[in-house]
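Working notes for the structure below.
The values are calculated or read from the model by the stated rules, or taken from the named source; none is laboratory data. Computed from a predicted model, the values in this text were never measured in an experiment. Note: ideal-geometry Cβ built from the backbone for every residue, glycine included; neighbour counts use all protein chains shown. Accessible surface is based on the protein model in full, side chains and every heavy atom, while ligands, DNA and RNA are left aside. Shrake-Rupley method; radii C 1.70, N 1.55, O 1.52, S 1.80 Å.
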Amino acid sequence: MSEARLRPGRGPGGAREPQDKESESENRLDGETASDSESKSEFGGSSPVPTSDDTPEVLNRALSNLSSRWKNWWVRGILTLAMITFFFIIIYLGPMVLMTIVMCVQIKCFHEIITIGYNVYHSYDLPWFRTLSWYFLLCVNYFFYGETVTDYFFTLVQREEPLRILSRYHRFISFALYLTGFCMFVLSLVKKHYRLQFYMFGWTHVTLLIVVTQSHLIIHNLFEGMIWFIVPISCVICNDIMAYMFGFFFGRTPLIKLSPKKTWEGFIGGFFSTVLFGLLLSYVMSGYRCFTCPVEFNNDTNSFTVDCEPSELFQLQEYNVPVGLHSVLGWKTVRMYPFQIHSIALSTFASLIGPFGGFFASGFKRAFKIKDFANTIPGHGGIMDRFDCQYLMATFVNVYIASFIRGPNPSKLLQQFLALRPEQQLHIFNTLRAHLAERGVLGSPEEA
Amino acid sequence: MSARRRRRAATEQEEEEEEEEEAAEAGSDKEVDLEERLHEVDLRSDLDIPDVPPPTDSTPEILKRALSGLSARWKNWWIRGILSLAMISGFFLIIYLGSFMLMLLVLSIQVKCYHEIITIGYRVYHSYELPWFRSLSWYFLLCVNYFFYGETVADYFATFVQRREQLQFLIRYHRFISFALYLTGFCMFVLSLVKKHYRLQFYMFAWTHVTLLITVTQSHLVIQNLFEGMIWFLVPISSVICNDIAAYIFGFFFGRTPLIKLSPKKTWEGFIGGFFSTVVFGFIFSYFLAQYQYFVCPVEYNSETNRFVTECEPSELFQMKKYSVPPLIQAVLGWETVNMYPFQMHSFALSTFASLIGPFGGFFASGFKRAFKIKDFADTIPGHGGIMDRFDCQYLMATFVHVYITSFIRGPNPSKLLKQLLILQPEQQLSVYKTLKSHLVEKGILQPSLRG
């Protein structure tokens, strides 16, 4: 039982390349009990799979002179810059590419988590199971993207006959697809493996709940305006990096037992930097229409356009500086976009609650004895490792927008309206007319 | 050592021997901490979960005395029969009492099912001692219910809500409040992660969420169906019950060919016999119910009398129509046309689903019980088991009925639509108004010269 303690290099950290010495303390997984190591045999070839060093050769050669600690730091740094650059390029390429990227990230995250499940439960040999997992992913995606397409591409859908039928009976079709998967699952239950199969079924569903709903909400946010996509994600990334920096330079008091490398100094420093960063980034972005306008699908050009009259959220306003900050800043009033006030709320959430998503993922990794979700990104781990803090952010932004910013989607309402019966339509029309007349929005009677 | 023990156990023929070993292990494991206990669990096979102690006999005393003369087999049959009748009578009583009582009933059933499944989870994972976990499970149930019932209340009680200021605030920010509540639970979970019990806690977290997904969403959809009209609540549930009983009876008398390895007591004869009986039952039952406004009308909340009313002009679904009998059946029945309610056509679809796909919900529950080595979900109902045992086939039915209604029957809810229209920005409202006007004029519903 004490074997594990004497072999810190064993287990997930076992055949690690020197590049991971930096994160040695994490290797030892302070949450690990002595008996945890015994179960490594249970996991067979899962977590102890030595991570192959997939750092590109070019980097390896360039950094071959440095000590392993700095080498790791450099690898992480370079990959971080690469990812951020990639992010900017994608933004430049437009909403369609962004949607595709979100979709790919979602599929990769799903794949990573399901693979962990397989490893935990040795269920590679289960009949049907991998097929069923991917099938369920397909079903749920079909359902969500169908709803999105119906909402946002209303006119396009109305034009094409097959699309119209698909969208009218969309829920029924999705449900039928899901049921097929469900029945296949029941029929695939094999005598000695019931529990395994139920576990994997549960695992798949929880993963779908986490991964697919989040990605769907991100796309919703994106359609609201690219700024609602970029600012939250950047805040989370900034918080990650800033907390790391502050922790690196000033870190002393540990924050939570789950993640021994996090410190209170990092947490608080990250909070203030993120709020500041959010304010600045929103200031820069609010000036450009391509970020602030809702993404719309133009029927004539068959492409996405971001062209509109900026809403009042994105028009400069004078704010009185609270007396407390007067002396600090030396200004009496300041010109800000109202959106920047919202960005404070977003950054606060990203710094205070976002890390809980990270702790959740850390707990998950400890619970299942893995160091990283996968090895996709050298120095960082899997895609899930990068996106664990985003987990809650997307939902928060979506709920925030729905509660405080926008009202319902007009084209969706129109679509629902057209499905009503004539007398109901007439009733609503009259009520709306009375309402508009009362508000004075309806001008002369001829306009009505 | 444990690996060796596992391999030896796996080659044993008698399951009883394995169980004895498990029991002996269990006895000596009292001091070992939870995580180690879990590591002895061989996730590759089902052989490790300790068997549930035989259920205590919860039959009421009166029944026991009355049936003391009969043999054990008939005694069991009588108990089951009496309890079935009791449940069905209870059901009718609740229907008589009205929609509000039905809603309460659905809510209590949901809570009880949730409790049963969570208790099974505790037992499987020996996690009674986990800190916080029971509170967290109930807290999440509360959050999700709050979210769903809040959405329903806002839609159906629009007039009631308009009058009260505080409710207005709660409705307007409902999603945000629900999300904040859920987040609190999530953060509590993360903070409650204890060093040695990570995996257990994650399992229970996932178990809770999947249970919520199953029980709470279904019960919410049942209530939505109820508001559509009590007939949409009664006919599906009765079809499933009828299918259960008819399949049992057909199987009892004619059963020979086993249906599926999961449930050895089910037979093809029972399955097919049940299908036909359920379709016929559905026809007859809907014919009977479609005549009464009480069952057919959408449930509405009357703000003046502060009660639920079911009064309306029956929609065309519930008005008799003449249908031509297809030539095939003409010869059998001897009629050329038949007067039927259109709803009976829909009941045909509902009964078909109840008999063909509904049983898969039952097989799922059977598989679940086998996987976790339990005979019944609980002992709530003597002779039948737990509430979940009775409701496992209903599992998919409620979702199907809801999807069916939204796809084929009703459109969106007009008052909800109106409410959303009124929240829009004025310029959006204007553009929507213009589109509506042109659409209505085009359809001839609105005369262009009149103001409508």
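Using DSSP to define loop residues, name the GluC sites (Glu not before Pro) in segment B:208-317 whose beta-carbon has at most 14 other beta-carbon atoms within 10 Å.
Those satisfying the criteria are B:Glu304, B:Glu311.
Which value in nm describes the separation of the simple spin-label points at B:Ile94 and A:Ile344, placed 7 Å from the Cα toward the beta carbon?
5.1 nm
At a Förster distance of 35 Å, what's the computed FRET efficiency of B:Met101 paired with B:Val338, Cβ-Cβ distance as r, to 0.05?
Between B:Met101 and B:Val338 the formula returns 0.45.
Which whole number of Å³ per residue matches the convex hull of the alpha-carbon atoms in segment A:264-350?
112 Å³
Looking at this model, which pairs from B:Lys195/B:Lys373; B:Lys112/B:Lys261; A:Lys369/B:Lys373; A:Lys191/B:Lys112; B:Lys266/B:Lys375 are more than 19 angstrom apart at the alpha-carbon?
In this structure, B:Lys195/B:Lys373; B:Lys112/B:Lys261; A:Lys369/B:Lys373; A:Lys191/B:Lys112 exceed 19 Å between Cα atoms.
For a Förster distance of 35 Å, can you work out the FRET efficiency between the beta-carbons of A:Phe404 and A:Arg439, rounded to the nearest 0.05?
The computed FRET efficiency comes out at 0.95.
If each residue of separation counts as 0.36 nm, what is the full-extension length gain between B:Leu422 and B:Met188 once their alpha-carbon separation is subtracted?
Extending this stretch completely gives an extra 80.4 nm.
Taking the alpha carbon gyration tensor of segment A:143-231, what are the square roots of 5 times its eigenvalues, largest first, to the nearest whole Å?
Values for segment A:143-231, descending: 33, 21, 5 Å.
State, to one decimal in nm, how far the label point of A:Lys192 lies from the label point of B:Asn76, with both points 7 Å from Cα in the Cβ direction.
So the two model labels end up 2.9 nm from each other.
Could you please tell me the mean projected area of the C-alpha convex hull for segment B:167-313, averaged over all directions and given in square nanometres to one decimal?
14.7 nm²
Leaving out ligands, DNA and RNA, calculate the buried accessible area for the pair B and A with a 1.4 Å probe, summed over both sides, in Å² to the nearest 100.
8300 Å²
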